[in-house]
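Data first, discussion second: the structure below is written as structure tokens.
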Amino acid sequence: MTTRDHIERLETQELELGATDAVRRHISRKVVEPRAVSQQKLDFEHARPRWLREMMAEATGVFFYVYPGIAATAAFFTNETEPQFGSLFMIAITLCFAFWQGFPWKKVPYYIFAQIFGAFVAGFILMGQYHEQITAFTAKSISDGKGTVYNGGPASILCSFPGPTQNNLGYLLMIEFFVDSFIGIVIWAALDPANPFITPASAPFVIGLAYGNMVWGFANITISTNLARDLGTRIVAAIWYGVSPDGFAKVAQVVNGQFPGPIIEACWGDTIVVNVKNVIKNNGTTVHFHGLRMYKENNFDGTNAITQCPIARGDTFTYKFQLRQYGHSWYHSHYSSQYGEGTFGPVVVHGPSTGNWDEEFDPIMVHEWHHASAYDAFRESMTSPAPPKADLITLNGIGRNNELGTGSFFQQTFEKNKKYLLRITNSAIDFHFHFSIDNHLLQVVSVDYVPIKPFWTNSLSVGIGQRYGVIVHANQTASTNGKYWIRTEYFDGNVQDSTFCQFPQQNYPPNQTDTQRVGILSYSGAGSGDPETSRWPVKVGCKDPVFEPHYKWNVTPPQNDVLKNARYVGIDRSKEAHGAFRWLLADQPQWLNYSNPTLLNLGNTTWTSDYVLEPYSYNDPEGFVYFIINSGGGPSNLVGGTHPMHLHGHDFAILSQGEGPFDPANPVYNTVNPPRRDTAMLPAMGHLVLAYKTDNPGAWLLHCHIGWHAGSGMSLQILERQKEITKWVGGSAAFEPAKRGCKNWNAFLAKHKNDPNVFNPANQDDSGI
Ligand SMILES: [Cu+2]
């Protein structure tokens, strides 16, 4: 052993001096002299603001810091190993430095912005670099029914999410703050030149150990160690993984990036122009304005394969129509199951009211949300006996996931003693509900687009596509904290029960302790906490309310032969059409050809039976056609079911609606100002008899508004006064936009015929609407 190797006998100070000396000697012998800095460069550096330089340095630093981290995570995830990460958007190390280290507070915002930017760039580059792997992982994750945003999912490559049981955000905040403080203090200590225990060479290891220590100890709880970096990549995750009412993001198909889409709001009599550009990657689309008459405007009804071809990707279509009704409704895609993915939004037409109110709110759109895509859910509905399970009920895109405890309740604030007009819309794909607000009666003033003689109720049955305008008086005192539950309750009944609503709706998220709470009505100045109110003691069925329209219709005897026009709807188990037992509304399930809309074939005298087209040429504009629809039974032993039936282009009068089949030989019709609307319930094993005025020549769809049933084939088209249609809509020039759209749609199909993700007529699996 030589003296030279006896370094443990040296004092720390001596070791450091020795090392410094060695480094100096190395530099003086080996290192090339730096080039002199030019005056030009010095001037430039002098003129450049210091804060910008610091931010650039911080952003670059964070980029190099974040990028390897998320890249490693991406490699882990896409290979399906599952490390645990969790976190929320949190306190930054920068803040800890400001707290503990005298880092100037003035600079904190600059640094945090720079960090967010650096991490954002890193996130984006990562998504590009691993695009193929991440896309494959995302597709698999969605097809496994797991979505994209969850711990271990594609979005958590970029940032972390609290685990399903981590609801105490205050606790998570405390952990995060502790972890950041710990790491911050270690970094400060390691860099402190007065610290005799750490050499410059060992500082990175010490800091790394501190990180390792915290990750080891707390990663399974939830940490991100630095809000700013987490936020940068979180923005990338939001851009990529989009809409998420309950923290479970998926790629949705929405209007203008919003869910629901932007409101269309105008006054009675206005003309509306809507330019639709389709930017959905693999689908066509159309927009149908539910419930609007489209009087002389059948060409703008937005029903693909009937009034136009789907709008191809990149193509645009302009809808133009006059508002001849008032009230509220919605617009939605009529392309396949697309509106279930979010392609819809509210419509409000301001006009008179049959009740008085002080203020109104935007429509409340009740939708059911599927983590799996609506297209996949449709396929599931065709093969499984029970409808696919929805994950969440949303009101205007806001919802609480009762299973995961994520998301939030819809909120509406009332001022005490004021009267409010609420506009309720069922925009779901398979969800029938009963709307109620604890302790508050509803004064109903409009049904669909029909103003009515007001009536009072404590609960309203709302089928898909139906709307109610209700006035609510904020004059209750029962709640101790000034808050009341809003409920959309589904009926869980027996098929044979006369109050039966639909199949027992066990395909919905589990109820809370007492039925479906989805929103909170708060009086201004309300206390904290959830409402403690109880639901109205109501026995709910699935029946439409009986009401009197304000503007009266008296229905005259039918122009058509009613005896020949009784229809029996349901699933025809004896025939298997298009590879599955399908719902139907006439003799066979409807099956449309996107490329060949009815309106572009008005010279036809015969039609393919797939189009289920019923020509009616009765031409008394004040006269009626009666339509009998029975649920189940009939000649081919069809199964029943409750269905919201919707007719395009008309309001219809309800002449009879109830239990059992309708006997056209001994009819009892309600013809004196009967309830009138555009969507009515066909009761299970019951009947619905409707009558519409033959005053609007065109090709109009009549269909069940349950998305799965319409896609299955439960629809028909009424070809009203075929010979007059062209003239009625303004001559053949009115069809030019549809012709151009079809050309672009066919070109789109031809161009992508080998792409398995793009619709191909050879693989069509639904009716098209
Ligand atoms: Cu149906």
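The values are calculated or read from the model by the stated rules, or taken from the named source; none is laboratory data. Note that this is a predicted model, so its numbers are computed, not measured. Glycine also receives a Cβ, built like all others from the backbone with ideal geometry; neighbour counts cover every protein chain displayed.
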Checked against (1) buried (at least 24 other Cβ atoms within 10 Å of the Cβ); (2) in contact with an Asp or Glu (Cβ under 8 Å, 6 or more places away or on another chain), residue 695 satisfies every condition except (1)
Report task. Would you check if residue 709 is touching a Ser or Thr at 6+ places or on another chain (Cβ under 7 Å) and either crowded, with 24+ Cβ neighbours inside 10 Å or of a type outside the set (A, V, I, L, M, F, W, C) (or both)? Result -> no
Of the candidates 433, 378, 410, the one satisfying the condition of being under 17 Å from the mean Cα position of the chain (by Cα), closer than 26 Å to residue 709 by Cα and hydrophobic (A, V, I, L, M, F, W, C) is 378
Flagged in the stretch 335-370 as outside any strand (DSSP E or B), within 15 Å of residue 261 (Cα to Cα) and not small (Gly, Ala, Ser), in numbering order, are 338, 339, 341, 343, 362, 363
Within 16 Å of the ligand (Cβ to nearest atom), over 17 Å from residue 716 (Cα atoms) and either in contact with a helix residue (DSSP H, G or I) (Cβ under 6 Å, 6 or more places away or on another chain) or touching a residue at least 60 places away in the same chain (Cβ under 8 Å) (or both), is that true of residue 612?
no
The residue that is nearest to residue 711 (Cα to Cα), considering only those in the stretch 748-761 that are modelled with pLDDT of 90 or more and aliphatic (A, V, I, L, M), is 749
Of the residues in the stretch 142-179, those that are at pLDDT below 70, under 21 Å from the mean Cα position of the chain (by Cα) and part of a helix (DSSP H, G or I) number 2
Of the conditions (1) at positive phi; (2) surrounded by fewer than 24 Cβ atoms within 10 Å (Cβ to Cβ), the single one that residue 668 does not satisfy is (1)
If we keep only residues of the stretch 658-679 that are out of contact with any Gly (no Cβ under 8 Å at 6 or more places or on another chain) and in a strand (DSSP E or B), then the residue nearest to the ligand (Cβ to nearest atom) is 677
Counted residues in the stretch 256-273 being touching a strand residue (DSSP E or B) at 6+ places or on another chain (Cβ under 7 Å) and of a type in the set (S, T, N, Q) come to 1
Note: among 655, 719, 690, 749, just one is within 16 Å of the ligand (Cβ to nearest atom) and either in a helix (DSSP H, G or I) or surrounded by 21 or more Cβ atoms within 10 Å (Cβ to Cβ) (or both), namely 690
For the stretch 693-716, the count of residues that are assigned to a strand (DSSP E or B) and within 16 Å of the ligand (Cβ to nearest atom) equals 6
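Give the residues of the stretch 617-645 that are under 10 Å from residue 682 (Cα atoms) and within 13 Å of the ligand (Cβ to nearest atom), sorted by residue number.
First pass over the stretch 617-645, keeping only residues under 10 Å from residue 682 (Cα atoms): 629-631, 640-645.
Hits for the stretch 617-645 are 629, 631, 640, 641, 642, 643, 644, 645.
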Picking from 541, 465, 493, 519, the residue that is closer than 23 Å to residue 709 by Cα, at pLDDT 90 or above and either not acidic (Asp, Glu) or not in a loop (DSSP other than H, G, I, E, B) (or both) would be 465
